[in-house]
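S.K.: The structure's right below; bear with me while I get my questions together.
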Amino acid sequence: MPTYKAPVDDVLFLLKDVFRLERYNNLPGFADASPDILEAVLGEAAKLCEDIVQPLNRIGDQQGCARHKDGRVTTPTGFKEAYRRYIEGGWLGISAPEEFGGQGLPMVLTTIINEFLCSANMAFAMYPGLTQGAIAALLAHAAPEQQRMFLPKMIAGHWSGTMNLTEPHCGTDLGLLRTRAAPQLDGSYKITGTKIFISAGEHDLAENIVHLVLARIEGAPDGVKGISLFVVPKVLPGPDGSLGAINGVSCGSIEEKMGIHGNSTCVMNYDGATGWLIGQENRGLNAMFVMMNEARLGVGVQGLALSEVAYQNAAAYAKERLQGRALTGAKFPEKPADPIIVHPDVRRTLMTIRAFNEAARALLVWTALKADIAHRAQDEKTRQSADDHMGLLTPVIKGVLTDQGFANTVMAQQVYGGHGYIAEHGMEQFVRDARIAMIYEGTNGIQALDLVGRKLARDGGRAVMAFFNEVGAFAKEHGNEAAMQPYVAPLNQALAHLQQATMWFMQHAMEKPDNAGAGATDYMHLFGLVALAYMWAQMAKVARDKLKNGANGREDRLKAKLVTGRFFMERMLPETSTHLARIQAGADSVMQLPAEAL
Ligand SMILES: Cc1cc2nc3c(=O)[nH]c(=O)nc-3n(C[C@H](O)[C@H](O)[C@H](O)COP(=O)(O)OP(=O)(O)OC[C@H]3O[C@@H](n4cnc5c(N)ncnc54)[C@H](O)[C@@H]3O)c2cc1C
């Protein structure tokens, strides 16, 4: 059976040493996250995830959710109690505004705790994760009375949230959406239509479910310009928030699927359900994007989380499984064979996952801190540059962390040989669970197009230029330090590849858009590698300085950082040249064969 230990030490290294959280104390909520509080909060979160939530991962996979004849959906054994413990601990609203009952702590803490929770049990983590996304959308776009009605209950976890975009004929292309909204005299709307694949659409964890639904008001323009956002509760609340009549929304069925069995994926039928407009008419996609962006980062977290838990188990297995002898001679001659960790190929596999995980965690922490700045800074310019970072890095984090996260679960499974393929060790569940993260919240192909087609050119390339400048400035500042050469020289090279790829798109994508489409996924991965390398260079700098100035008993851990960072630079970062070559090859061989020939 798989085990899990939350990487609290690694997180503290990032928060205290690399990103130096105390620098943000001028932002609301940060002064409350003193080092002692941080350690206590992370320690408690780790306990909840390791002791309460993780033991339900296998049960959830085996039992799945059940839809009953009356339309109720029940979650696997133990989920209800674990959810109760989770909300009673106040975890759902730890970063939510205090005026609605949250704790106001930095967003970065929620991101970290969500990693722990997803590693422990991704299917379970999705219930509160969707609620957090819905809370963000309501905070940004709901009217004050709507916020007062819904937010306190959702932040407390008594009511959960969902996002309803997808319809049977309408997935990526939301312009095709057909769900209708008919205005009523009292200002509400009657919502009618069918949504499919709705995560946590119906379940037994919360007393009410708040659906955020995209629909078209009668007479609205075709396409994405005619879509509005509505809040449609499962149970209609009275003015005092008490639960009233059941609304006209129900779960028609739940999907049989490859993984995340503990999370209900529902067909939701809206039969003249009462809903209220959120934000402006026909600007629904804009409002829903708040939830989608939040969810995209959350899905990136899922990619890392599964990669981490798969790594932990594969590393433990590799130290126990005895097969063959080390190439350099027996390491354990008293045993019938050496543990497989002695074999360079097994090491290569484990180091690849580890080098990704530690940098991906840094990238998420860095970006979550930008989210805090974007929401909490006083100064408009500071907020804007943080927002630029979020816009640029969101598709990279979603796409790269989930593509690589899935690949890493497969690599970790490989460490188990045939024992990874059978269910007993739990490795195949990680593979199945990780797969969906590449698909939902906009497939990774769509993330790549968002990056290349929208985010690069936005505001005259302001965000991407800021990223290039920041990475370039770091490389310049530390380029002359001999000890930093193994990190800075490859970083410089990779940055040059990214800049060449960007330039190539500028020169070749305008007259031939297929060049951008054909190179987008490679560009996203090239970007991801540079961002991860930048994280490694910063971590290496901190580790070197700490080792020089007294490591306080952390020598081994800091030296391990330096080695893992070097592994990334030497063995993973060189892929940037492959990505660049593919991008520069253009779209010709991709598009030439007629559709009938494929
Ligand atoms: C388990 C699960 C949970 C989900 N949860 C939710 C949820 O809670 N709420 C919700 O609203 N939806 C949810 N979804 C739906 C999910 O977001 C969609 O499946 C996803 O966005 C893709 O849409 P689609 O399946 O219709 O694929 P399609 O849009 O049909 O795409 C098919 C393929 O074509 C590619 N493609 C499509 N258009 C383009 C283009 N313009 N350029 C290049 N490539 C393109 C895609 O990348 C994909 O590979 C969930 C799905 C699953 C399976």
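The values are calculated or read from the model by the stated rules, or taken from the named source; none is laboratory data. Small disclaimer: the values here were computed from a predicted structure and weren't measured. Every residue, glycine among them, receives a Cβ derived from its backbone with ideal geometry; neighbour counts consider all protein chains shown. Note: areas computed on protein heavy atoms with side chains; ligands, DNA, RNA excluded. Shrake-Rupley method; radii C 1.70, N 1.55, O 1.52, S 1.80 Å.
S.K.: Would you please list the contacts, defined by Cβ atoms under 7 Å and residues six or more apart or on different chains, that run from a residue in the range 427-456 that is without any contact (Cβ under 8 Å) to a residue 24 or more places away in the chain and more than 10 Å from the ligand (Cβ to nearest atom) to a residue that is among the charged types (D, E, K, R) and open to solvent by 20 Å² or more (accessible area, probe 1.4 Å)?
M.R.: No pair meets every condition.
S.K.: Also, quick follow-up: Considering only residues that are open to solvent by 20 Å² or more (accessible area, probe 1.4 Å) and more than 24 Å from Glu39 (Cβ to Cβ), which ones fall in the range 101-128?
M.R.: Within the range 101-128, just Gly101 meets the criteria.
S.K.: A further question on this structure: Out of the residues in the range 1-35 that are over 27 Å from Tyr416 (Cβ atoms), part of a loop (DSSP other than H, G, I, E, B) and of a type in the set (A, V, I, L, M, F, W, C), state the one that is most open to solvent (accessible area, probe 1.4 Å).
M.R.: Ala31
S.K.: Out of everything in the range 139-178 that is hydroxyl-bearing (Ser, Thr, Tyr) and over 15 Å from Ile209 (Cα atoms), what residue ends up being surrounded by the most Cβ atoms within 10 Å (Cβ to Cβ)?
M.R.: That would be Thr166.
S.K.: Here is a list of conditions, (1) free of Cβ contacts under 8 Å to residues at least 40 places away in the same chain; (2) under 24 Å from Ile439 (Cα atoms); (3) β-branched (Val, Ile, Thr), and Val396 meets all of them except one; can you say which number that is?
M.R.: Among (1) free of Cβ contacts under 8 Å to residues at least 40 places away in the same chain; (2) under 24 Å from Ile439 (Cα atoms); (3) β-branched (Val, Ile, Thr), the lone unmet condition for Val396 is (1).
S.K.: Among what's in the range 568-580 and is open to solvent by less than 60 Å² (accessible area, probe 1.4 Å) and of a type outside the set (Ser, Thr, Tyr), pick the residue that is farthest from the chain's Cα centre (by Cα).
M.R.: Checked the range 568-580; the qualifying residue farthest from the chain's Cα centre (by Cα) is Leu580.
S.K.: Among the candidates Ala125, Ala140, which residue alone is more than 10 Å from the ligand (Cβ to nearest atom) and closer than 22 Å to Gly60 by Cα?
M.R.: Ala125
S.K.: Tell me, which helices (runs of 4 or more DSSP H) wholly within the range 356-445 include 2 or more residues that are open to solvent by 20 Å² or more (accessible area, probe 1.4 Å) and among the acidic types (Asp, Glu)?
M.R.: 380-415
S.K.: Additional query: When you go through (1) over 30 Å from Ile87 (Cβ atoms); (2) open to solvent by less than 20 Å² (accessible area, probe 1.4 Å); (3) of a type outside the set (A, V, I, L, M) one by one for Gln184, which number turns out not to apply?
M.R.: (2)
S.K.: Okay, moving on. For the range 187-204, which positions are more than 16 Å from the ligand (Cβ to nearest atom), of a type outside the set (Lys, Arg) and open to solvent by 10 Å² or more (accessible area, probe 1.4 Å)?
M.R.: Result: Gly187, Tyr189, Thr192, Asp204.
S.K.: So, in the range 155-174, exactly how many residues are within 16 Å of the ligand (Cβ to nearest atom) and either at pLDDT below 95 or part of a helix (DSSP H, G or I) (or both)?
M.R.: Adding up the residues that qualify gives 1.
S.K.: Let me ask something else about it. Residues His169, His158: which one is more than 20 Å from the chain's Cα centre (by Cα) and without any contact (Cβ under 8 Å) to a residue 24 or more places away in the chain?
M.R.: Only one candidate passes the filter, namely His169.
S.K.: I'd like to know if the range 508-515 contains one or more residues that are surrounded by 14 or more Cβ atoms within 10 Å (Cβ to Cβ), within 27 Å of Ile439 (Cβ to Cβ) and among the hydrophobic types (A, V, I, L, M, F, W, C).
M.R.: yes
S.K.: Okay, next question. Tell me, please, whether a residue that is within 15 Å of the ligand (Cβ to nearest atom) and either more than 24 Å from Ala359 (Cβ to Cβ) or surrounded by 17 or more Cβ atoms within 10 Å (Cβ to Cβ) (or both) can be found in the range 480-492.
M.R.: Within the range 480-492, none of the residues are within 15 Å of the ligand (Cβ to nearest atom) and either more than 24 Å from Ala359 (Cβ to Cβ) or surrounded by 17 or more Cβ atoms within 10 Å (Cβ to Cβ) (or both).
S.K.: Being crowded, with 24+ Cβ neighbours inside 10 Å and either touching a Ser or Thr at 6+ places or on another chain (Cβ under 6 Å) or hydroxyl-bearing (Ser, Thr, Tyr) (or both) is true for just one of Ala305, Ala295. Which residue is that?
M.R.: After ruling out the rest, the residue left standing is Ala305.
S.K.: Within the range 330-354, take every residue that is open to solvent by less than 30 Å² (accessible area, probe 1.4 Å) and free of Cβ contacts under 8 Å to residues at least 24 places away in the same chain and give me the one that is nearest to Ala407 (Cα to Cα).
M.R.: Across the range 330-354, the extreme among qualifying residues is Pro339.
S.K.: For the range 205-237, enumerate the residues that are in contact (Cβ under 8 Å) with a residue 40 or more places away in the chain and surrounded by fewer than 16 Cβ atoms within 10 Å (Cβ to Cβ).
M.R.: The answer is Glu207, Pro221, Asp222, Gly223, Lys225.
S.K.: Which of the residues that make up the range 111-122 are of a type in the set (A, V, I, L, M, F, W, C) and more than 13 Å from the ligand (Cβ to nearest atom)?
M.R.: Correct list: Ile112, Ile113, Phe116, Leu117, Cys118, Ala120.
S.K.: Here's a follow-up. Which of (1) among the β-branched types (Val, Ile, Thr); (2) crowded, with 16+ Cβ neighbours inside 10 Å; (3) free of Cβ contacts under 8 Å to residues at least 60 places away in the same chain is the odd one out, the single condition Ile246 does not satisfy?
M.R.: (2)
S.K.: Run Asn293 past the list (1) over 22 Å from the mean Cα position of the chain (by Cα); (2) at pLDDT below 95; (3) within 16 Å of the ligand (Cβ to nearest atom); (4) of a type outside the set (Lys, Arg) and report the number of the one that doesn't hold.
M.R.: (1)
S.K.: Same structure again: All but one of (1) at pLDDT below 95; (2) farther than 30 Å from Ala359 by Cβ; (3) open to solvent by 30 Å² or more (accessible area, probe 1.4 Å) hold for Gly324; state the number of the condition that does not hold.
M.R.: (1)
S.K.: Being touching a Ser or Thr at 6+ places or on another chain (Cβ under 9 Å) and either within 16 Å of the ligand (Cβ to nearest atom) or more than 15 Å from Met535 (Cα to Cα) (or both) is the filter here; which residues of the range 457-479 pass it?
M.R.: Across the range 457-479, the qualifying residues are Gly461, Arg462, Ala463, Val464, Ala466.
S.K.: Now for a different question. Looking at the range 476-523, which of the residues that are more than 30 Å from Thr443 (Cα to Cα) and assigned to a loop (DSSP other than H, G, I, E, B) is nearest to the chain's Cα centre (by Cα)?
M.R.: Filtering the range 476-523 for residues that are more than 30 Å from Thr443 (Cα to Cα) and assigned to a loop (DSSP other than H, G, I, E, B), the one nearest to the chain's Cα centre (by Cα) comes out as Gly479.
S.K.: Among the residues in the range 177-195, are any under 18 Å from Ile254 (Cβ atoms) and in contact (Cβ under 8 Å) with a residue 60 or more places away in the chain?
M.R.: Within the range 177-195 (the criterion being under 18 Å from Ile254 (Cβ atoms) and in contact (Cβ under 8 Å) with a residue 60 or more places away in the chain), the answer is yes, since at least one residue qualifies.
S.K.: I've got another one for you. Which residues, counting only those in the range 374-404, are among the basic types (Lys, Arg) and either touching a helix residue (DSSP H, G or I) at 6+ places or on another chain (Cβ under 8 Å) or under 11 Å from Ala448 (Cα atoms) (or both)?
M.R.: Arg383, Lys398
S.K.: May I ask you to verify whether Gln146 is in a helix (DSSP H, G or I) and either at pLDDT 95 or above or within 16 Å of the ligand (Cβ to nearest atom) (or both)?
M.R.: Yes; evaluated as a whole, the condition is true for this residue.
S.K.: Given the conditions (1) more than 16 Å from the ligand (Cβ to nearest atom); (2) in a helix (DSSP H, G or I); (3) open to solvent by 30 Å² or more (accessible area, probe 1.4 Å); (4) without any contact (Cβ under 8 Å) to a residue 40 or more places away in the chain, report the number of the one that Asn552 does not fulfil.
M.R.: Failing condition for Asn552: (2).
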